[in-house]
Amino acid sequence: MNASVNSPIYDASALATRFREILRSDQIIVDAESKRPYECDALPVYKAMPLLVLAPETTQQIQAINRLCNELKLPVVARGAGTGLSAGALPDKNGVLVSLARLCKIIEIDPEARIARVQPGVRNLAITEAAEEYGLYYAPDPSSQIACSIGGNIAENSGGVHCLKYGLTVHNVLGMEVVTADGEILQVGGCGLDTAGYDFNALFIGSEGLLGIVTEVRVKLLPIPEHARVVMAGFASVLSAGDAVSAVIAAGIIPAGLEMMDGFAIQAAEDFVSAGYPRDASALLLCEVDGSENEVLEHVEHIEKIFHEFGATSCRVSRDEEERALLWKGRKSAFPAVGRISPDYYCMDGTIPRRKIGTVLEAIHRLSDQYGLRIANVFHAGDGNLHPLILFDASVPGELHTAEALGGKILELCVEVGGSITGEHGVGAEKLRYMLTQFNDAELAQFYAIKDAFDPSGMLNPGKGIPTLRQCQEYRSIDASIRT
Amino acid sequence: MGDIADELEATVRAAAASGKKLSIVAGGSKSFVGRNVSGERLDVSGHCGILDYQPAELVLTVRAGTKLTEIAQCLEERQQMLPFEPPDFDGKATIGGTLACDMSGPARPWRGSVRDVTLGVTLINGRGQRLRFGGQVLKNVAGYDVSRLQAGAMGTLGVMTEITLRLLPTPAATATVFCEMDSRAAIKRMNELARLPLPISGAAWLGGSLYLRLEGAERAVTGALGKVGPEFQPGDESIWMRIREQSLTFFEGNASLWRFSVASNAGHRIEDQSWLFDWGGAQRWLRGEFEMKYLESLANDLGGQVSLYRHGDRAGEVFHTQAPAMRNLQLRLKNSFDPHGILNAGRMYHGI
Ligand SMILES: Cc1cc2nc3c(=O)[nH]c(=O)nc-3n(C[C@H](O)[C@H](O)[C@H](O)COP(=O)(O)OP(=O)(O)OC[C@H]3O[C@@H](n4cnc5c(N)ncnc54)[C@H](O)[C@@H]3O)c2cc1C
């Protein structure tokens, strides 16, 4: 069974000499100061300095890097924009970090076939910006879309506020080029909607850089909806807001987006962007519908009616594009908004069956009291993806640890009610131990077997995604010692 | 209703120990797909029944041997549906077989495939272990996406026992229209229309006519009818069922049936042959006897693949040839689930 690579310890400058055979000097970063920006992703409690940062510009260079690393038994960690929230792009201190940032070309937009072919370092939003002139856009829109890369989106199967109707990354990618651990170039998928054989698109999407490095991507583009409006409503309790969400779905409406925020998150967002959110509400719903103008008006009326039936304390419908953008801006900047009111925050990413929202939020409240840390909740209500933001102060000894312990409890709770420890941020280095909560040994062994099929030496992103058998044993003995 | 998961697990475990090959069968409606396999018949049709249905969550969990007709009936009561419009082949098709063969109907380009709506799968791998992947929630990136990997795997990675799917509400209104045109004009028109924000849920070219289906809210459909063009006339709605079930005369007889999965706007080649286009041009059916190599080169030119879908020589390869690096990894993946090579061995490719 593979573990992470047992890599020899190399000297950085000696290693750089080897890489100069395949890369230019300006593509190899050796000195500590220049490497510093790469030591963590957007979860900076995990930090490590790689031996080297490499900045390839072609598929062939990535192929050569993987071949050399394979020969040297050197860990390879791919990095997109570094906006990940699970320490997925955390460097390995005995390995190299491969930045895809220079592979940032939009190779082709085929408006007729509605396909964009792009390099992995292209920013999510840049695809939409390039497609707009044809009346098309790329649907998955993570809140980090101005910065995050499509390669990172593939690794995490990223979603966005519109994925309830338009799907996740896995629903919007047609194909990709991947360089495998042993330096083979694979063409996965194509321009059609499926290919024969095992669906490697499905396998690679969400695999957190553990199975190969994505060097090119083909995504679907969709026609920009003719018309869209967002209905915003305040509620006196999270429970009634949750019931209103279920009622909208049960009425046969699939909103383009359906988001919930709790009182704390509402306050923070309103302070930050002044979107006109109702400060007195305990829960806020943002429900967007799109389609033809007539259709949208029909749905908006229906939704307003449902919200009132379920006790909405306020209700507002966007009148124009500007207002719609403003209402979303509060939601999309919820993380940084919460970041302003607390020295540090820790973002969780559990998913739950939607009907459990009341139970889960109540339990989160109790945990918050018990651990003495405040929690703001932002929720992709349509698809059951909860982002509790735990507020803490890292300069207070022990608080980070308390925040992590509290986060762990929340994840266990999600699994208990039939959900998952991560909806879209990935396991990374962060949630490794909670994989044991969600999967049993045989299931984990099947995951290793898959990893082993693609990367027998375990050189790709070691220590992420799937805990090794040894780590499982360690976690179990820690848990046992806590219990006794 | 029937739960035979324990028996299935025991059978697979025994086969893993003895190396006896198993041929997995449920409704038997798709025995024509893939390559011929030998092996002892493992009948999973007894493992059936709806386990959980949450209309407000749009989520359904069923045993893999459940008939599609039973599922459709249950969903109809709540005006919901399986979004991917699968063929039920005279009521014989099961959800497990549908996922294993990745079968979706005319709505697929707009509403997604069976793979797209699969949220979770429980399966028995070739070691005889029952494993659960994915779940009941729409979003889940913990571990590899083993659930969606089952789509099109033709049972070669595991015997599926439970499947969780995402549903959609049934559209309130539907309209079918058609217009006579040649294949080239049809390809052009289908792609032009797909670029517009219209509630299209079907676009097919057959018998010299382009058929379109519009579905959605009442006002959306009425509005869209005004936009597709005045040359379109009201058409027969049952055409979609007959395309889906392959019950049109086009599909009759024993001539080889080839399936092209290509770029929707790819040009039309060997036009003088017998063709039917579905999925807005992305799925193209061809009848007749051809060299596989010749059609593969055609499909490559069109940005996609071809398979010998039905009839013809089913002892040879029937799916598009894979590049050596791809084939190698597909074999290794098969081996990671089924190291003894007992599950539907060779159904997909020789050795897989
Ligand atoms: C403020 C904020 C809001 C966010 N909102 C959302 C949201 O709404 N929805 C959501 O899903 N996520 C969200 N995220 C998380 C994050 O933006 C996504 O996970 C994103 O997809 C990461 O992309 P990246 O390019 O930054 O990847 P990185 O952080 O650089 O890397 C992430 C993972 O991808 C791997 N990787 C990167 N490129 C490649 C490649 N070419 N080949 C193979 N592996 C690769 C890395 O090894 C790593 O495991 C948010 C993050 C922040 C900071």
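The values are calculated or read from the model by the stated rules, or taken from the named source; none is laboratory data. None of these values were measured; they are calculated from a predicted model. So basically every Cβ, Gly included, is an ideal-geometry build from the backbone, and we count neighbours across all protein chains shown. For accessibility, only protein heavy atoms count, side chains too; no ligands or nucleic acids. Shrake-Rupley method; radii C 1.70, N 1.55, O 1.52, S 1.80 Å.
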Residues meeting the amide H criterion for A:Asp290 (H placed from the backbone, H to H distance under 5 Å, 5 or more places apart or on another chain) are A:Ala256
How many Å² of accessible surface get buried when B and A come together, counting both sides, probe radius 1.4 Å, rounded to the nearest 100? 6500 Å²
Distance (nanometres) between label positions extended 7 Å along Cα→Cβ at A:Gln473 and A:Glu404: 2.2 nm
Largest first and to the nearest Å, give the Cα extent of chain A along each principal axis. 68, 64, 42
Shielding by partners, peptide B:330-337 (average Cβ within 10 angstrom, other chains): 5
Quick one: compute the contact order of chain B, relative version, from alpha carbon pairs under 8 angstrom and 6+ residues apart, as a percent. 20 percent
Set the bar at 26 Å for Cα to Cα. Now go through A:Lys105/B:Lys139; A:Lys409/A:Lys464; A:Lys409/B:Lys139; A:Lys220/B:Lys92; A:Lys35/B:Lys139 and name every pair that lies beyond it. A:Lys105/B:Lys139; A:Lys220/B:Lys92; A:Lys35/B:Lys139
Roughly how many percent of the accessible protein surface of the range B:173-310 is carbon and sulfur, given a 1.4 Å probe and a whole-percent answer? 50 percent
For the range A:342-416 the translational diffusion coefficient, Stokes-Einstein from a Kirkwood Rh over Cα pairs at 4 °C and viscosity 1.567 mPa s, in µm²/s, is roughly 105 µm²/s
Charged-residue dipole, Cβ positions (Lys, Arg, Asp, Glu), chain A about Cα centre, Debye nearest 20: 1060 debye
Residue-normalised accessible area of the range A:106-223, expressed per residue, 1.4 Å probe, Å²: 25 Å²
So how strong a dipole does the range B:1-116 carry about its Cα centre when Lys and Arg Cβ are +1 and Asp and Glu Cβ are -1, to the nearest 20 debye? 540 debye
Residues of chain B: accessible area per residue at 1.4 Å, in Å²? 36 Å²
The relative contact order of the range A:178-336, taking Cα pairs under 8 Å that sit 6 or more residues apart, comes to a percentage of 29 percent
Kindly provide the helix-only [θ] at 222 nm of chain A, computed as the sum of -39,500 (n - 2.57) over DSSP H runs of four or more divided by all residues, to the nearest 500 deg cm²/dmol? -11000 deg cm²/dmol
Using Cα centres only, tell me the gap between the range A:167-225 and the range A:384-415 in whole Å. 33 Å
Given the candidates A:Ala247, B:Val137, A:Gln471, the one whose Cα lies deepest towards the positive end of the charge dipole of the protein assembly as shown, counting +1 at each Lys or Arg C-beta and -1 at each Asp or Glu C-beta, is A:Gln471
Residue with peak Gaussian network fluctuation, chain B [Cα springs, cutoff 10 Å], from B:Leu138, B:Leu329, B:Leu82: B:Leu329
Which residues belonging to the range A:274-296 lose at least 30 Å² of 1.4 Å-probe accessible area when the assembly is complete, relative to their chain isolated? A:Asn294, A:Glu295
Work out, in µm²/s and without decimals, the Stokes-Einstein translational diffusion coefficient of the protein assembly as shown at 37 °C, 0.692 mPa s, Rh from Kirkwood over C-alpha pairs. 120 µm²/s
Radius ratio Rg over Rh of the range A:356-484, counting only Cα atoms, Kirkwood formula for Rh: 0.99
How large is the accessible surface of A:Ser34 in square angstrom, using a 1.4 angstrom probe and rounding to the nearest 10? 50 Å²
With every protein chain present, what accessible area does B:Asp3 have (1.4 Å probe, heavy atoms only), rounded to the nearest 10 Å²? 100 Å²
In whole Å, largest first, what are the principal axis extents of the Cα atoms in the range B:116-156? 28, 20, 14
Calculate what fraction, in whole %, of the accessible area of chain A sits on carbon and sulfur atoms when a 1.4 Å probe is rolled over the protein chains. 51 percent
In Å³ per residue, the alpha-carbon convex hull of the range B:173-310 encloses 99 Å³
Note down the net charge around B:Ser336, summing +1 for each Lys or Arg and -1 for each Asp or Glu among other residues with Cβ under 11 Å from its Cβ. +2
